[in-house]
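The values are calculated or read from the model by the stated rules, or taken from the named source; none is laboratory data. Everything numeric here is computed off the predicted structure, so don't read it as measured data. Backbone-built Cβ (ideal geometry, glycine too); neighbour counts: all protein chains shown.
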C-alpha cells in the first residue's frame with residue numbers, strides 16, 4: 001500500500017532491473033491530491049519518472065494499484081516497455097457492497113487509527129491466529145488450514161508486513177476509484193492471479209485478459225490474494241522471469 005512495504009521485488013532485481021517503489025494517493029506520504037483518479041496518478045507518475053531521468057519502465061500493478069499501472073501503460077506507451085499485474089483488480093466495480101461497507105467502517109481515516117494498532121498488537125501476540133483472521137477475507141479456502149501449513153518463517157514474514165500496514169486515506173480512495181479502460185493497454189502484459197483469491201475474484205483477471213489483447217494470463221494455485229507467501233510462489237517467479245526475458 002505504501003513505499004515502506006516491500007513485496008516481491010527480488011524477482012525483478014534478480015532480472016537486472018532497478019526498482020522504484022511509490023506510495024499511492026492517500027498512503028504513506030503521498031497526498032490524495034496527487035491523483036484523484038488512476039488516470040491522474042498515472043500522469044503524476046510520468047512527471048516523477050521524468051524528474052528522476054527514467055525513460056523506460058515496467059510498471060508492476062498490485063491489487064488496487066493495478067488500475068494506476070494500466071493507466072500509465074495506456075497514457076505513456078513509449079515509456080512503458082511491459083506491464084505486470086499481480087492480484088490486480090480490473091476497471092469493473094470493486095469490491096462488492098458488503099466488503100465496501102465493512103471496509104468503510106473499519107478503515108476510514110478515523111477508525112483505521114484504532115483498527116491497525118489492534119491488528120498490529122494481535123500479530124505480535126498471536127501471529128498465526130491473526131494471519132488466519134486476515135487471510136479469511138482473501139481466500140476461498142480454509143484460512144486456518146492454510147496458516148496451519150505455513151512454516152514459521154512465512155508466518156514471521158506475514159506478521160512483519162501486517163504490522164507495518166496503515167491505510168490512511170488511501171483505502172477509501174481505492175474504493176471510490178473508477179474510470180479507465182484496460183483495452184487501451186497495448187504493451188505486452190503479464191496477468192498473475194490466484195484461483196482462490198476471494199478479495200479480487202477471478203472475473204477480474206479474466207476480464208483483463210480479454211480486454212488487453214497483448215496479454216498473458218497465469219492462474220496460480222496460490223492459496224490467497226497474497227501470492228508472495230504461498231509455496232506456489234516459485235512458479236509465479238518463473239513466469240515473471242520468462243516474461244521479462246521475452
Failed criterion for residue 85 (all others in (1) in the same structural domain as residue 210 (by TED's automatic domain parsing); (2) out of contact with any helix residue (DSSP H, G or I) (no Cβ under 6 Å at 6 or more places or on another chain) hold):
(2)
Out of 22, 11, 80, report the one residue that is in contact with a strand residue (DSSP E or B) (Cβ under 9 Å, 6 or more places away or on another chain) and surrounded by 16 or more Cβ atoms within 10 Å (Cβ to Cβ).
80
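For segment 2-15, name all the residues that are touching a helix residue (DSSP H, G or I) at 6+ places or on another chain (Cβ under 9 Å) and modelled with pLDDT of 90 or more.
Here is the first cut: in segment 2-15, the residues touching a helix residue (DSSP H, G or I) at 6+ places or on another chain (Cβ under 9 Å) are 2, 5-8, 10-12, 14-15.
Hits for segment 2-15 are 7, 8, 10, 11, 12, 14, 15.
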Is it true that residue 103 is assigned to a helix (DSSP H, G or I), under 30 Å from residue 46 (Cβ atoms) and in the same structural domain as residue 216 (by TED's automatic domain parsing)?
no
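What do you reckon, is residue 187 closer than 20 Å to residue 70 by Cα, touching a helix residue (DSSP H, G or I) at 6+ places or on another chain (Cβ under 6 Å) and assigned to a loop (DSSP other than H, G, I, E, B)? If you could, list the steps in order and put the result at the bottom.
Values: closer than 20 Å to residue 70 by Cα: yes; touching a helix residue (DSSP H, G or I) at 6+ places or on another chain (Cβ under 6 Å): yes; assigned to a loop (DSSP other than H, G, I, E, B): yes.
Judged against the criteria, residue 187 is a match.
The rows are residues; the columns are (1) at pLDDT 95 or above; (2) crowded, with 20+ Cβ neighbours inside 10 Å; (3) in the same structural domain as residue 130 (by TED's automatic domain parsing).
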| site | (1), (2), (3) |
| --- | --- |
| 168 | no, yes, no |
| 186 | yes, no, no |
| 190 | yes, yes, no |
| 197 | yes, yes, no |
| 207 | yes, no, no |
| 212 | yes, yes, no |
| 218 | yes, no, no |
| 222 | yes, yes, no |
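With the structure loaded, tell me whether residue 68 is surrounded by 19 or more Cβ atoms within 10 Å (Cβ to Cβ), at negative phi and assigned to a loop (DSSP other than H, G, I, E, B) or whether it fails that test. First the steps, then the outcome.
Working: surrounded by 19 or more Cβ atoms within 10 Å (Cβ to Cβ): yes; at negative phi: yes; assigned to a loop (DSSP other than H, G, I, E, B): no.
In short, no.
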Looking at segment 61-82 only, could you name the residues that are closer than 18 Å to residue 174 by Cβ and in contact with a helix residue (DSSP H, G or I) (Cβ under 7 Å, 6 or more places away or on another chain)?
61, 64, 67, 68, 70, 71, 72
Across segment 42-64, what is the number of residues that are touching a strand residue (DSSP E or B) at 6+ places or on another chain (Cβ under 9 Å), outside any loop (DSSP other than H, G, I, E, B) and in contact (Cβ under 8 Å) with a residue 40 or more places away in the chain?
3
Residue 91 vs (1) assigned to a helix (DSSP H, G or I); (2) closer than 26 Å to residue 244 by Cβ; (3) out of contact with any strand residue (DSSP E or B) (no Cβ under 9 Å at 6 or more places or on another chain): all pass except (1)
Scan segment 157-170 for residues that are within 15 Å of residue 41 (Cβ to Cβ) and touching a helix residue (DSSP H, G or I) at 6+ places or on another chain (Cβ under 6 Å) and report the count.
1
